[in-house]
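All remarks here apply to the structure that follows.
The values are calculated or read from the model by the stated rules, or taken from the named source; none is laboratory data. All figures in this text were calculated on a predicted structure; none of them were measured in a lab. Cβ sites come from the backbone with ideal geometry, for glycine too, and all protein chains shown count toward neighbours.
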Ligand SMILES: *Cc1c(COP(=O)(O)O)cnc(C)c1O
């Protein structure tokens, strides 16, 4: 068996969810498990949080089906709402909460003949300009949906563009637009993502929507997951499958762009970009072997990458190599590659087996 596995620590996931809850006393939380729980496995993540979470949130109905199979009763929110009339039927049958983000979605909801009314979350475009009504249009829609037979609860939702940049002026502007609607009678209100859960108590409202923090990654560039009290959930580990000693001047990998400056020992690791390790990782990016950090050497290949073991003479064939996890944080790797932990976690490919630690 190819020695590469993503180990998912479900106790760490629960720890991080409870941290979100402790950060938002008295509030309810939708555990965001979209995109296969940010690459961790949505059914397993939902199962691990089933007894704990007040609800779950996913992007679309395809994702909701997977989660519904493991959590039969929990609130389950479709963050982009329904894409057609049939999806409203299924949402009613499965007891989903739905976002309504524009007039077309509102019209489909009003026209539908549903077996039971839905909990609806009216989406305000408070400044991100991705989805949602203007404040004025939302008032208008609220008036129509309030008296609609297909609507059970009528709730308010919006989303921050820059909650991860502390002090960014758009945060206050978005909160003000949101607050301008709070004279309307909503059953529930939600605004906060992970960054806001952790640093913006004024945005906590009735429900919060933590995503990335559940998986032990930081939404902030300048605050580490560890500093926030989060525990890493995924650990990606391969093995040293080959080793060789090279003379100074010999090159490693595609493009021959890493050249030994001294006699060097090079290890080959069973992980490449087709597994989701970023090809953009530069030489020098840390990997961990035997509890020690060692540098990536040369370009990442599709199925393998190379590591400079010269300063770790005890490294042996078959040693485990951590690509990210405890000693190399996902955020540190992401920063080295000019991306964010969200992207790396969601891009671990299907050929990498996930192993679950209870
Ligand atoms: C993905 C998402 C979240 C979670 O965001 P994080 O930054 O991962 O906490 C919350 N709300 C909406 C609408 C989302 O799309």
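Points to keep in mind about this one:
- Considering 327, 230, the condition of being within 30 Å of residue 20 (Cβ to Cβ) and surrounded by fewer than 19 Cβ atoms within 10 Å (Cβ to Cβ) is satisfied by 327 alone.
- Hits in the stretch 186-202 (condition: touching a strand residue (DSSP E or B) at 6+ places or on another chain (Cβ under 8 Å) and over 13 Å from residue 21 (Cα atoms)): 186, 187, 188, 189, 190, 191
- Hits in the stretch 34-57 - residues which are buried (at least 17 other Cβ atoms within 10 Å of the Cβ), in a loop (DSSP other than H, G, I, E, B) and touching a residue at least 60 places away in the same chain (Cβ under 8 Å): 39, 40, 41
- Qualifying residue in the stretch 82-92 (condition: more than 16 Å from the ligand (Cβ to nearest atom), more than 25 Å from residue 342 (Cα to Cα), modelled with pLDDT of 95 or more and not in a helix (DSSP H, G or I)): yes
- Subset of the stretch 75-91 [touching a strand residue (DSSP E or B) at 6+ places or on another chain (Cβ under 7 Å), crowded, with 20+ Cβ neighbours inside 10 Å and over 13 Å from residue 123 (Cβ atoms)]: 76, 91
- Residues that are part of a helix (DSSP H, G or I) and within 16 Å of the ligand (Cβ to nearest atom) within the stretch 96-137 comprise just one, 105.
- Residue in the stretch 337-346 that is on the phi < 0 side of the Ramachandran plot, away from the ligand (no atom under 16 Å from the Cβ), modelled with pLDDT of 95 or more and outside any strand (DSSP E or B) present: yes
- Among the candidates 295, 313, residue that is over 30 Å from residue 34 (Cα atoms) and surrounded by fewer than 14 Cβ atoms within 10 Å (Cβ to Cβ): 313
- Yes/no for residue 201 being out of contact with any helix residue (DSSP H, G or I) (no Cβ under 9 Å at 6 or more places or on another chain) and either assigned by TED's automatic domain parsing to the domain that holds residue 345 or at negative phi (or both): yes
- Only a single item in (1) under 18 Å from residue 55 (Cβ atoms); (2) surrounded by fewer than 22 Cβ atoms within 10 Å (Cβ to Cβ); (3) in contact with a helix residue (DSSP H, G or I) (Cβ under 7 Å, 6 or more places away or on another chain) is not met by residue 119, and it is number (3).
- Scope the stretch 58-81; condition in a loop (DSSP other than H, G, I, E, B) and within 14 Å of the ligand (Cβ to nearest atom); matching residues: 59, 60, 79, 80, 81
- Scope the stretch 157-207; condition farther than 20 Å from residue 28 by Cβ and either within 12 Å of the ligand (Cβ to nearest atom) or part of a helix (DSSP H, G or I) (or both); matching residues: 161, 162, 164, 169, 170, 171, 172, 173, 174, 176, 177
- Residue 67 vs. criteria crowded, with 21+ Cβ neighbours inside 10 Å and within 15 Å of the chain's Cα centre (by Cα): no
- Among the numbered conditions (1) crowded, with 18+ Cβ neighbours inside 10 Å; (2) part of a strand (DSSP E or B), the only one that residue 153 does not meet is (1).
- Residue match in the stretch 10-22 (condition: over 20 Å from residue 226 (Cβ atoms) and surrounded by fewer than 23 Cβ atoms within 10 Å (Cβ to Cβ)): no
Let's see how each residue does on (1) within 15 Å of the ligand (Cβ to nearest atom); (2) closer than 11 Å to residue 208 by Cβ:
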site	(1), (2)
18	no, no
28	yes, yes
33	yes, no
37	yes, no
51	no, no
56	yes, no
